[in-house]
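Everything below concerns the one structure shown next.
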Amino acid sequence: MSIFNYKQRNNITLAGIIILGCFLVYALSGLITSILGAIVLFTIFRPIYLNLVEKKKWNKSAVALMIILTSLIVIIIPLMSLSIMVVSKIGGINRNSFDLQGWITKIDDYAGYNFNQPHFAENTMAKLGTFATDLFPSILGSAANILVTLLVMYFLLYFMLVQNRGFEAALLKYAPFREQHAIKFAVALRNSTYSNVLGQGIIAVTQGFLLANGFWIFGLPDPVFWGVIGAFISFLPVVGAPTLSIPASIILFAEGHTIKGILLLAYGLLFIGNVDNFLRMIINKRVANTHPLISIIGVFIGIPLFGIVGLVFGPLLLSYFLLLLEIYETNRLAADRLERIRTGPET
């Protein structure tokens, strides 16, 4: 006969589950990028998959493979190509492959004479170099690690799609809250993913394109490169691509092109900045409203952990955390109401 009663055995089992769960989380920490990537892609492509499989009766495996190939061509390959281009260009900057030093000297001379900041450009470039090193560690790392990350991500995505009903039923079964709250959380999670990934992605591409177009119109070198940089920093709502027009206009001022400098500054801060606000208003109205603080704090959380993909994963993780807090608070209030009903009014 066991020396433990039912409650003690259950507590021991729970303790074992927690210990093993913590060990598994630690063991899988190197694959967190793959897991998050699979969740994001599943959330984005789930409506397309269900439409093709359940309404049009297409083959499950064929649709899943088609989605994987589409995401690889539309998202992964362009992102990696742009990242490699930026890293290569930064390497070229360090080797003075174009007249960057001339730009720095002109800006420092102008800032020193007008604002008493003689090393403004030099210090800014040093900070940007440090930021870029933190931003692109996955690209600077080994190709084998990138390949493993992608293979695991697409392996998970394939089975999440093909077995989507079982996957979603398991999530509902083991979710630590009631079914209606779990469904509410799933909807909020989907909206948050759309807002942070699709919404911010559209804004980033638009701002990067407009910035590159402006640099090209006003005769600044490497407009595509600076457009890509603008697209990446567009994930920072307070900074954004329009701020790159400020140092560019200073360069034009320093070269004696005052009219061009004023026009570029107005183009960046007024036109691109308002386009950004307009797009954010539409996205927030149609999908979800991601507070700028979530984006900023999430980026600073995500970049040290995930590198460039931290621009997306950081705000996502913070949004998911806040959603869980909201669900917890809802459950706690519901439990308090039930307890008051059960015990009755105090006398």
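Can you say whether Tyr320 is among the hydroxyl-bearing types (Ser, Thr, Tyr) and at pLDDT below 80, as far as the supplied structure shows? So Tyr320 passes the test. Within the option set Pro237, Pro221, Pro315, being at pLDDT below 85, closer than 28 Å to Ser34 by Cβ and part of a loop (DSSP other than H, G, I, E, B) holds for one residue only, Pro237. Scanning the stretch 4-27 for residues that are under 30 Å from the mean Cα position of the chain (by Cα), at pLDDT below 75 and not small (Gly, Ala, Ser) turns up just one, Val25. Mind checking which residues of the stretch 293-330 are in contact with a Leu (Cβ under 9 Å, 6 or more places away or on another chain) and hydroxyl-bearing (Ser, Thr, Tyr)? Ser295, Ser319, Tyr320 - these are the residues of the stretch 293-330 that are in contact with a Leu (Cβ under 9 Å, 6 or more places away or on another chain) and hydroxyl-bearing (Ser, Thr, Tyr). The criterion of being of a type in the set (Lys, Arg), surrounded by 19 or more Cβ atoms within 10 Å (Cβ to Cβ) and either assigned to a helix (DSSP H, G or I) or modelled with pLDDT of 75 or more (or both) does not hold for Lys285. Across the stretch 194-232, which residue is surrounded by the most Cβ atoms within 10 Å (Cβ to Cβ) among those that are of a type in the set (A, V, I, L, M) and more than 21 Å from Ile76 (Cβ to Cβ)? Looking at residues that are of a type in the set (A, V, I, L, M) and more than 21 Å from Ile76 (Cβ to Cβ), I get Leu211.
The values are calculated or read from the model by the stated rules, or taken from the named source; none is laboratory data. As the structure is a prediction and not an experimental result, all values here were calculated from the model. Counting neighbours? That spans all protein chains shown, and the Cβs are built from the backbone with ideal geometry, glycine included.
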